[in-house]
Amino acid sequence: MTIAMIALAVALAQQPAVDAPTPDLAVISARLGGCAADFVVKDAADRPVYAATVHVRIRYGFLGVKRMDLEVGTDSAGLARVEGLPDKVKPLTFEVQKADAKALVEQTHLSPCQATYEVSLE
């Protein structure tokens, strides 16, 4: 009986620990192209901001007549992603907001198609 318990303890000690699943990234898609914008939102103390909203209005189509408003919230790590942005981007202004704190991020034709923006809300 003692040998069986020792063997069981050794077997359990050798098994790799199961990692906790990581939460999914907050993502919204415009379905207009292959570009994306990733956001890392932090507060003045450099801590991640949970539930900050990232809002953008996209104008597309002939003369920008069509419009689409997208909004996504950050996860507990302060991360959010807007994907499916048009490849031929007209200037986009992302508004990041949490309570009274607000920041603007601009994406122009000079910005990379797959951009990452670090935003500090103060």
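A short reminder: the numbers here are calculations on the coordinates, not readings from a lab. Since this is a predicted model, take the numbers as computed values, not measurements. So basically every Cβ, Gly included, is an ideal-geometry build from the backbone, and we count neighbours across all protein chains shown.
Of the strands (runs of 3 or more DSSP E) that lie entirely inside region 39-86, those containing 2 or more residues that are more than 12 Å from the chain's Cα centre (by Cα) and more than 18 Å from LEU104 (Cβ to Cβ) span 66-73. For region 90-118, the set of residues classified as within 30 Å of PHE62 (Cβ to Cβ) and either assigned to a loop (DSSP other than H, G, I, E, B) or out of contact with any strand residue (DSSP E or B) (no Cβ under 8 Å at 6 or more places or on another chain) (or both) consists of LYS90, PRO91, THR108, HIS109, LEU110, SER111, PRO112, CYS113, listed by residue number.
Looking across region 59-82, just one residue is closer than 12 Å to LEU32 by Cβ and surrounded by 19 or more Cβ atoms within 10 Å (Cβ to Cβ), and that is VAL82. Of all residues in region 55-80, those that are on the phi > 0 side of the Ramachandran plot have Cβ atoms under 9 Å from Cβ atoms of residues that are of a type in the set (Lys, Arg) and in a strand (DSSP E or B), 6 or more apart or on another chain, in GLY61/ARG67; GLY78/LYS42.
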